[in-house]
Amino acid sequence: MKTQPLVLVADDEPRITKLVALTLQEEGFRVVTASGGEEALKKAEEVRPDIVLLDIVMPDLDGIEVMRQLREWRPVPVILLTAKGATSDKAKGLDLGADDYIAKPFHPDELAARVRAVLRRASGVSPGAGIVAFEDIEIDLERRLLRRGGELVPLSRTEWLLLQHLAAHAGKVVLHSELLTKVWGPEYRDDLQYLRVWISRVRRKLGAAPGEPGPIRTFQGIGYVLDTEGDLSEPAASAAAPSATVSE
């Protein structure tokens, strides 16, 4: 039976961890707490949380460093907690890879809503969606893992969300606008250059040589497809391969 999401909360202020834990437990979440960065990394490895809430300022490892090390392990969603409320601080946290940013003091109802929103964005697929495997690639959609040649490949959150969406629709053309909206939000739906940069990064993670598409095929002016069968060619700008199905 599917259990409630597990949240790891790391903050060196006991009153904050207690408040966050009680708030989220009342909303039905399971909660594990840590009093510092090192303890957060240890507990994350032990319990494999669904989402992590990190204070930016902690005495041993700060939240940014903890987030960086967590992302080397797997693309777990991260919300940063901080007493700094300036727009520039928020932008910096998001630029460094956080999924969201909450300034202290925060309202308990807002906290629970933001956690749910990040989990919805991060999941992307239903539990039990399984594994997409081809050649030496294995994409575990439920556990959010990528292996190539039997080795775990680290992915950033953005890289994983792109790969996850393509893998969930393997063999189908996923529209540019759909990828941009799903990963970054509707305000990015026309930013094709941004999408091309990130697709290139995912291609490298899948083992494609520089300048080569690898298994992610381009359909000019339309979108991208994860070709797990190796039988799709990249069509000219004026036409799309007739065998491919477009995912709306």
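Some observations on this one:
- Förster radius 22 Å - calculated FRET efficiency between R120 and Q69 (Cβ-Cβ, nearest 0.05): 0.30
- Multiplying the residue separation of V197 and L96 by 0.36 nm and removing their Cα-Cα distance gives an extension gain of 34.7 nm.
- Label zone at E142 (point 7 Å along Cα-to-Cβ), backbone N below 16 Å, the range 150-190: 168
- Measuring how big the range 131-247 is from its alpha-carbon positions, Rg and Dmax come out at 13.3, 39 Å.
- Vicinal HN-Hα couplings computed from phi for the range 110-121 (Karplus, 6.51 cos²θ - 1.76 cosθ + 1.60; Hz; Gly/Pro x): 5, 4, 4, 5, 5, 4, 4, 4, 5, 5, 5, 5
- Other-chain or far-sequence residues with amide H under 5 Å of L145's (modelled H): D140
- Protection proxy ranking of 4-16, 200-212 - average other beta-carbon atoms within 10 Å, highest first: 4-16, 200-212
- Our estimate of slack between F134 and E26, defined as 0.36 nm per intervening residue step minus the Cα-Cα distance, is 34.6 nm.
- The range 1-44 versus the range 145-209: alpha-carbon centroid distance in Å: 30 Å
- Available extension along the chain between V57 and Q4 is 16.2 nm, counting 0.36 nm per residue and deducting the alpha carbon span.
Since every read-out is calculated from the coordinates, none of them should be taken as a lab result. Note that the coordinates shown come from a computational prediction; the quantities given were computed from them, not determined experimentally. For neighbour counting, all protein chains shown are included, and Cβ atoms are generated from backbone atoms with ideal geometry for every residue, glycine included.
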